[in-house]
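Here is the structure we will look at, set down as structure tokens.
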Amino acid sequence: MKHELAICSSAFALALCCSAPLPSRAQSCTALRNLRLENTTVTAAQLVDSGKFVPPAMVRRTSPEFFTAFNTLPAFCRVQAVARPSSDSEINIEVWLPATGWNRRYLGVGNGSFGGSISYYRLGESLRSGYATSSTDTGHRGAPSQSAWAVDHPEKQTDFDYRAVHETALTAKALIQAFYDSAPARSYFSSCSNGGRQGLMEAERYPTDYDGILAGAPATRFGFRTFVSGDFAAFQKRGGKIIIYHGGNDRPAANLDFLSTVRRRMGDSTVNNFLQFYLLPGMGHCGSGNEPNDFGQWLRPGDTPQNSLFSALQEWVEKDVRPNGVIATKFAIDGDPKSTVVKKRRVCPYPRIARSNRLGSDSDSANYVCPQ
């Protein structure tokens with residue numbers, strides 16, 4: 001994206017190095033209103049003090065796993081923008097930039113069903129973990145079950161199919177560069193269902209937007225006019241990595257067929273070097289079920305590649321360490337790691353199945369390994 005910086009973007013870095021008072025950081029944030037972007041207008045930029053963010057009323061029902069402790073968030077620069085890449089486009093975007101403690105990574109988050117709103121839950125968990133993060137309403141507003149907005153609006157259909165997420169990535173990276181005077185060292189995307197489709201569409205159509213993509217239960221045939229074909233050649237050649245996961249009780253056959261299509265097109269050895277698929281036994285759509293269903297699809301401080309597929313993806317991208325399975329956990333209260341651990345299971349990259357290493361109890365998931 002062509003853009004012109006109309007601010008002194010080094011002011012924030014100076015504030016960090018010199019422990020400048022908070023108003024200096026606030027000024028760096030509000031100055032982002034003057035950032036000029038192609039197709040996109042910054043409509044608001046303000047520093048939100050620690051613990052002070054109150055999300056607007058959200059149309060999507062809260063899932064028990066969703067992050068809702070917004071009053072615990074650190075200070076951040078909240079930027080709101082609108083992208084209009086066509087005459088019938090109105091793509092709302094939010095970008096959240098940590099005031100301190102940025103981990104030098106960017107994380108884009110997706111939407112379920114037909115979108116229609118900013119994913120504040122995902123923004124919150126991403127910010128808490130130190131990421132600069134972004135979300136979009138995919139080009140329209142409304143309940144995720146509504147699709148009437150698409151009737152006779154082909155440009156809005158295109159925005160939903162792929163363009164809104166791409167415009168959001170471009171906008172977020174420009175804002176990150178301006179605010180921190182630095183591009184992100186790595187860029188990631190994580191989401192499930194339609195959000196999983198969004199991630200795969202990004203890899204296919206815009207292979208330079210993200211370095212790593214965690215795609216849960218991707219609805220590859222959910223678009224209006226454009227569907228995921230599995231053409232990841234450009235993404236693979238630039239070193240991008242993809243992890244797909246799907247619940248065993250969530251009708252995984254379509255995505256197993258999709259994986260087979262990608263393997264036939266690209267060859268097993270090529271696919272093994274950039275893409276993994278995890279089938280979670282007994283898990284429902286993106287989570288739920290009575291079997292271990294918590295494995296890093298929700299970001300939490302302290303996650304490791306051993307218990308988090310997202311952390312494993314990050315290690316794969318940044319250290320070229322290919323994941324070799326993850327320990328999934330079933331908590332007594334879904335999404336609450338402070339509740340009792342009911343059971344654990346080691347899950348291997350499909351089609352491998354974990355087996356006992358015969359070094360300890362067969363009931364301990366740590367005593368299972370994924371065969372090479």
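The values are calculated or read from the model by the stated rules, or taken from the named source; none is laboratory data. Owing to the predicted nature of the structure, the values given are computational and were not obtained by experimental measurement. So basically every Cβ, Gly included, is an ideal-geometry build from the backbone, and we count neighbours across all protein chains shown. Each accessible area value is taken on the protein alone, full model and side chains, heavy atoms only, with ligands, DNA and RNA left out. Shrake-Rupley method; radii C 1.70, N 1.55, O 1.52, S 1.80 Å.
In debye, nearest 20, what is the charge dipole magnitude of the stretch 242-322 about its Cα centre with +1 on Lys and Arg Cβ and -1 on Asp and Glu Cβ, if you could check?
260 debye
If you restrict to DSSP beta bridges whose two residues both lie in the chain, what percentage is antiparallel, to the nearest 5?
Among the beta bridges of the chain, antiparallel pairing accounts for roughly 55 percent.
Using label points projected 7 Å from each Cα along Cα→Cβ, tell me how many nm separate ILE353 and GLN146, to one decimal.
Output for this residue pair reads 4.7 nm.
Calculate the dipole size of the stretch 276-372 relative to its Cα centre from +1 charges on Lys and Arg beta carbons and -1 charges on Asp and Glu beta carbons; express the result in debye to the nearest 20.
Computed charge dipole of the stretch 276-372: roughly 280 debye.
Cross-link candidates for LYS241: which aspartates and glutamates have Cα within less than 16 Å, leaving aside residues fewer than 8 places away along the same chain?
List returned: GLU202, GLU204, ASP209, ASP211, ASP231, ASP268, GLU315, GLU318, ASP320.
Nearest 500 deg cm²/dmol is fine: what mean residue ellipticity at 222 nm does the chain get from its DSSP H runs of n ≥ 4 alone, each adding -39,500 (n - 2.57), divided by its residue count?
When only DSSP H runs of four or more count, the value is -7500 deg cm²/dmol.
Starting from the 7 Å offset along Cα-to-Cβ, what nm value, one decimal, do you get for the label separation of GLU155 and ARG322?
About 4.6 nm separates the two model spin labels.
Quick one: 3J(HN,Hα) in Hz for the stretch 160-165, Karplus 6.51/-1.76/1.60 with θ = phi - 60°, rounded, Gly and Pro as x.
Taking θ as phi minus 60°, the curve returns 5, 4, 7, 6, 5, 5 Hz for the stretch 160-165.
Would you work out the charge dipole size for the chain about its Cα centre, treating the Cβ of every Lys and Arg as +1 and the Cβ of every Asp and Glu as -1, and quote it to the nearest 20 debye?
In debye, rounded to 20, the chain gives about 580.
For VAL54, VAL262, give the ranking by accessible area with the largest first, probe 1.4 Å.
Ranked from most to least accessible, the order is VAL54, VAL262.
Would you be so kind as to identify which of THR208, ILE333, GLY284 lies farthest towards the positive end of the dipole of the stretch 189-347, taking Lys and Arg as +1 and Asp and Glu as -1 on Cβ and the Cα centre as origin?
It is GLY284, whose Cα lies furthest towards the positive end.
Give the lysines whose C-alpha is closer than 16 Å to that of LYS330, dropping any in the same chain fewer than 8 places away, or say none.
LYS338, LYS343, LYS344
Which value does Rg/Rh take for the chain over its C-alpha atoms, Rh per Kirkwood?
Using Cα coordinates only, the ratio equals 0.97.
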